[in-house]
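Undergrad: Here it is, the structure, as C-alpha cells.
The values are calculated or read from the model by the stated rules, or taken from the named source; none is laboratory data. As the structure is a prediction and not an experimental result, all values here were calculated from the model. For neighbour counting, all protein chains shown are included, and Cβ atoms are generated from backbone atoms with ideal geometry for every residue, glycine included.
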Amino acid sequence: MTRMTRMTRMTRMTPMTAPRLHNYDLLALDLDGTLFGPDGRVSAANARAVDDARSAGIEVVICTGRAMVESRTAIEAIRADRPAAGRTIAPMVCAGGAMVCDVAGGRTLHRWAMDRTLVGRLCGHFAARRRAPLLLKDRDAAGFDYLVVNSGPIERPTQWWFDVMDVEVKFIDRVEHDPHPEHTVRVGFAATAEVMHDLAAGVHAEFGREAATQHFAAVAGVNSSAPHGVKDDSIHLLEVFDTQVNKWTAVHRLALEQGIPRERVAAIGDEVNDLAMIEGAGLGIAMANATPAVRKAARVQTLSNAQDGVAHAIDLILRGQW
C-alpha cells in the first residue's frame, strides 16, 4: 500500500463520520406556548424550521401534555408522522411523559400507568368535594381516551375540550366500575383558577409524596379566531401521575434507545410541565414567554411563541451558535 493510498483512506469521510455544524441529535419540542403561537397554530416559519432540523439529521420529537389524538393539528403541521432517516417509527411523548407513542403506526410504545389503588383514592378525594375527575387512558390499550367519574358536574373547560377534540369519552358512576383500571396514565381536572387553587393544594398535600402533581394554565376556547384554543391564565389544569412521570423521563428513554448522550439532546418549552426536560437536556431552551421557573432553569432563551421562537432556536442550533 502506497503512502498516497494511506492518506486517502485516512482523510476520506463517510456520511456517518463527516462532522456536523450542529451539536444536537434530538430536539424535544413542547406544543402549547412553544410550537403553537398565540393563535393556537403552528406558523409557517416554525414548520419550515422543523423541516430544516430534520434535513440536518436532528430527530424532532413532540413532547406534550396532550394525548396523541389531541395533537393532530401539530402532527399535520410539521408532518410528525414521518420517521426520521433510518428509523421505522416516529416517536412522540404524550400525556406529559406518561406515554411514548409511534405517530407513524398510531401505537403506544411505552406507558407509565398509575397504581389503581392510588387512582381510587384520588377519585374519592374528588368525590368528597363533588368534583368529577378525568382519567386519561392509553387509547391503544383501552380503546378510548377519557373516563369521567360522575362525582360532580362536568366543568365548562372540560366540556369545551371534549367538544373540539376528537376524543372518545366514557362515563361511570363509581371508579370501581372502570373497565380498564390498568390503563390509567393520568388523573386530571380542569376548572377556573379560583376553583383550582384550593383543590390543587388539597391534592398535593394528600398525595404529593406518592404521586407527581402539577397545575398550570390550561388551553381553553377564548376566541373564535383560535378554534383549537389558546393558553388561558384564568383556567387551570391539575394533573396527577405516577411518581416516575415527567417529559424528561420519556425523552431520556428515547435518547438511550438510540445511543444519544444527554449532552446531544436539546429541549424547548415554556411551562412547569417542561421543567424536568429543560433541566435534563444538554441544552434547555426557554421560550421568552416561559414561566420564571423555566427561564431560570434553561441554559438559553429564545424569542416568544408570538415571534416564532422555535424557528429562531433551531436556526441558532443549525448554525452551531448553540
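Undergrad: Out of curiosity, is Val265 more than 14 Å from Leu29 (Cα to Cα), crowded, with 24+ Cβ neighbours inside 10 Å and not small (Gly, Ala, Ser)?
TA: No.
Undergrad: Might you check whether a residue that is within 27 Å of Leu134 (Cβ to Cβ) and assigned to a loop (DSSP other than H, G, I, E, B) occurs anywhere in the stretch 301-322?
TA: Initially, the stretch 301-322 is screened for residues within 27 Å of Leu134 (Cβ to Cβ), giving 305.
Those left that are additionally assigned to a loop (DSSP other than H, G, I, E, B): none.
The answer is no, given that none of the residues of the stretch 301-322 is within 27 Å of Leu134 (Cβ to Cβ) and assigned to a loop (DSSP other than H, G, I, E, B).
Undergrad: Could you check the stretch 114-143 and list, in sequence order, the residues that are in contact with a His (Cβ under 7 Å, 6 or more places away or on another chain) and either assigned to a strand (DSSP E or B) or not assigned by TED's automatic domain parsing to the domain that holds Phe171 (or both)? Break it down into steps so the answer makes sense when it comes.
TA: The initial filter retains those residues of the stretch 114-143 that are in contact with a His (Cβ under 7 Å, 6 or more places away or on another chain), namely 137-138, 141-142.
Residue satisfying the conditions is Lys137 alone.
Undergrad: Moving on. Within the stretch 271-287, is there a residue that is at pLDDT 95 or above, in contact with a Pro (Cβ under 6 Å, 6 or more places away or on another chain) and buried (at least 21 other Cβ atoms within 10 Å of the Cβ)?
TA: The answer is no; no qualifying residue exists.
Undergrad: Which members of the stretch 296-320 meet the condition of being among the acidic types (Asp, Glu) and within 16 Å of Gly37 (Cα to Cα)? Please lay out each step first, then the result.
TA: Of the stretch 296-320, the ones among the acidic types (Asp, Glu) are 308, 315.
Within the stretch 296-320, just Asp308 meets the criteria.
Undergrad: Continuing with the same structure: Determine which member of the set Val195, Val219, Val203 is part of a helix (DSSP H, G or I), modelled with pLDDT under 95 and not assigned by TED's automatic domain parsing to the domain that holds Asn273.
TA: That would be Val195, the only listed residue that is part of a helix (DSSP H, G or I), modelled with pLDDT under 95 and not assigned by TED's automatic domain parsing to the domain that holds Asn273.
Undergrad: I would also like to ask the following. Looking at (1) in a helix (DSSP H, G or I); (2) in contact (Cβ under 8 Å) with a residue 24 or more places away in the chain; (3) surrounded by 14 or more Cβ atoms within 10 Å (Cβ to Cβ), can you tell me which one Phe162 breaks?
TA: Among (1) in a helix (DSSP H, G or I); (2) in contact (Cβ under 8 Å) with a residue 24 or more places away in the chain; (3) surrounded by 14 or more Cβ atoms within 10 Å (Cβ to Cβ), the lone unmet condition for Phe162 is (2).
Undergrad: Do we find that Ala84 is over 28 Å from Ala190 (Cβ atoms), surrounded by 16 or more Cβ atoms within 10 Å (Cβ to Cβ) and among the hydrophobic types (A, V, I, L, M, F, W, C) in this structure?
TA: Criteria met by Ala84.
Undergrad: May I pose another question? Considering every residue within the stretch 220-240, establish whether at least one is farther than 30 Å from Arg129 by Cβ, among the hydroxyl-bearing types (Ser, Thr, Tyr) and buried (at least 23 other Cβ atoms within 10 Å of the Cβ).
TA: no
Undergrad: Can you tell me how many residues in the stretch 7-31 are modelled with pLDDT of 95 or more and not in a loop (DSSP other than H, G, I, E, B)?
TA: 5
Undergrad: Here's something else I'd like to know. Could you tell me which residue of the stretch 27-54 is surrounded by the most Cβ atoms within 10 Å (Cβ to Cβ), considering only residues that are within 23 Å of Ala217 (Cα to Cα) and acidic (Asp, Glu)?
TA: Asp30
Undergrad: Another one. Failed condition for Leu275, given (1) within 14 Å of the chain's Cα centre (by Cα); (2) in a strand (DSSP E or B), with all others met?
TA: Leu275 satisfies all of (1) within 14 Å of the chain's Cα centre (by Cα); (2) in a strand (DSSP E or B) except (2).
Undergrad: Would you check if Ala290 is buried (at least 19 other Cβ atoms within 10 Å of the Cβ) and outside any helix (DSSP H, G or I)? So that I can check it myself, show each step before the final result.
TA: Details: buried (at least 19 other Cβ atoms within 10 Å of the Cβ): yes; outside any helix (DSSP H, G or I): yes.
Answer is yes for this residue.
Undergrad: Looking at the stretch 55-70, which of the residues that are small (Gly, Ala, Ser) and surrounded by 21 or more Cβ atoms within 10 Å (Cβ to Cβ) is farthest from Asn23 (Cα to Cα)?
TA: Ala67
Undergrad: Can you spot a residue in the stretch 289-311 that is out of contact with any helix residue (DSSP H, G or I) (no Cβ under 9 Å at 6 or more places or on another chain) and in contact (Cβ under 8 Å) with a residue 60 or more places away in the chain?
TA: Yes; the residues of the stretch 289-311 include at least one that is out of contact with any helix residue (DSSP H, G or I) (no Cβ under 9 Å at 6 or more places or on another chain) and in contact (Cβ under 8 Å) with a residue 60 or more places away in the chain.
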